[in-house]
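Chemist: This is the structure I have questions about; it appears just below.
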Amino acid sequence: MPQKMQWGQVQRHLAALVPEREAEMRAMETHAQETSFPIVGPAAGHLCYQIARMIGARRVFELGSGYGYSTAWFARAVRDNGGGEVHHVVWDEDLSARARGHLARLGFDGIVRFEVSEAVEALARAEGTFDLIFNDIEKEHYPASLPVIEGKLRPGGVLIVDNALWHGRVFDRADRSKATRGVRELTRRLAGDPGWITSLLPVRDGLLVAMRA
Ligand SMILES: C[S@@+](CC[C@H](N)C(=O)[O-])C[C@H]1O[C@@H](n2cnc3c(N)ncnc32)[C@H](O)[C@@H]1O
C-alpha cells in the first residue's frame with residue numbers, strides 16, 4: 001500500500017525540480033517569504049516559462065504584476081523565444097519602481113514595458129493581441145476581466161490564472177466571500193466554455209491554464 005501523499009511534500013518536490021535561478025531571482029523569492037508577498041513562486045513561475053516557450057510567446061500581458069517576479073519568468077521565455085515584449089502592470093507606483101530595478105538587473109529592461117494602472121483597463125487600452133495573458137489581480141475581479149481577455153488573446157493563445165485553488169477556500173461551501181466566488185466563477189466559465197480548452201494544474205496555489213480554441 002503506497003504511503004499517502006502530503007500536499008506540502010508534493011509542492012516541495014515540484015519546487016526542488018526547478019533549475020537554479022540567478023541571485024536576483026533568489027533575492028526576490030526571499031523577499032516574498034520575509035514579507036509574505038504573494039508571488040507565484042519557483043514551481044509555478046517555471047511552469048509559466050515552460051508554457052510561454054511551448055507556444056513561442058513573443059507578446060505577453062500580465063495583469064497584477066507585483067514587483068516583477070512572475071514578469072521575470074515571462075521575460076526570460078520571450079527572450080529565449082527570440083524577443084518581444086512583456087507588459088508589467090500594477091496600480092502601485094512603488095511596486096512598479098521596484099520591478100524596474102529587479103528586471104533591469106536581470107537584463108530584461110529591453111523586453112518589459114511598465115505601466116502603473118488598473119490592469120484590466122490597461123489591457124483594454126493595449127494595442128494588438130497577445131500570445132499569452134497572465135491574470136493575478138484581486139480575485140473578486142476575475143470574472144469581469146474575462147471579456148476583456150477574450151478580446152485581447154489571439155486564437156490559440158494561452159491564458160494562465162493564478163490562485164485557482166485559493167488556498168483551499170474554493171472547497172469550503174461556507175465561504176461565500178467575493179474573492180472566493182470570483183475564483184469559482186472564472187473557473188466554471190473557462191471550464192464550461194467550448195471556446196476554451198482548460199485545465200487546473202495543482203502547482204502551488206493552482207494555475208488555470210486555458211487555451212483559446
Ligand atoms: C498577487 S500580487 C502579484 C504577484 C506577481 N504576479 C508575482 O507572482 O510576482 C498582485 C499584485 O497586483 C496588484 N493588483 C491587484 N489587482 C490589481 C488590478 N486590478 N490592477 C492593477 N494591480 C492590481 C496587487 O496590489 C499586487 O501588488
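Laboratory data are not the source of any read-out in this text; all were calculated from the coordinates shown. Everything quoted here is computed from the prediction, not taken from an experiment. Please note: Cβ atoms are built from the backbone with ideal geometry, for glycine as well, and neighbour counts cover all protein chains shown.
Chemist: Which of the helices (runs of 4 or more DSSP H) found entirely inside the stretch 1-75 contain at least 1 residues meeting this: touching a residue at least 12 places away in the same chain (Cβ under 8 Å) and surrounded by 21 or more Cβ atoms within 10 Å (Cβ to Cβ)?
Modeler: Ranges flagged: 23-35, 41-54.
Chemist: I've got another one for you. Can you find a residue in the stretch 165-173 that is in contact with a strand residue (DSSP E or B) (Cβ under 9 Å, 6 or more places away or on another chain) and surrounded by 22 or more Cβ atoms within 10 Å (Cβ to Cβ)?
Modeler: Initially, the stretch 165-173 is screened for residues in contact with a strand residue (DSSP E or B) (Cβ under 9 Å, 6 or more places away or on another chain), giving 165.
Within this subset, residues satisfying the condition of being surrounded by 22 or more Cβ atoms within 10 Å (Cβ to Cβ) are none.
Taking every residue of the stretch 165-173 in turn, none turns out to be in contact with a strand residue (DSSP E or B) (Cβ under 9 Å, 6 or more places away or on another chain) and surrounded by 22 or more Cβ atoms within 10 Å (Cβ to Cβ).
Chemist: Give W196, W166 a once-over and let me know the one that is away from the ligand (no atom under 16 Å from the Cβ) and either in contact with a Ser or Thr (Cβ under 9 Å, 6 or more places away or on another chain) or not β-branched (V, I, T) (or both).
Modeler: Criteria check complete, one pass: W196.
Chemist: For residues that are under 18 Å from A52 (Cα atoms) and in contact with a Phe, Trp or Tyr (Cβ under 6 Å, 6 or more places away or on another chain), tally how many sit in the stretch 154-205.
Modeler: Matching residues across the stretch 154-205 total 1.
Chemist: With the structure loaded, tell me whether E127 is under 25 Å from N163 (Cβ atoms), of a type outside the set (V, I, T) and surrounded by fewer than 23 Cβ atoms within 10 Å (Cβ to Cβ) or whether it fails that test.
Modeler: no
Chemist: Grab the strands (runs of 3 or more DSSP E) fully contained in the stretch 127-212, keeping just those with 1 or more residues being of a type in the set (V, I, T), in contact (Cβ under 8 Å) with a residue 12 or more places away in the chain and more than 22 Å from L47 (Cβ to Cβ). Don't jump to the end; show me each part of the working.
Modeler: Numbers: elements: 130-135, 153-162, 196-201, 207-212.
Passing ranges: none, list empty.
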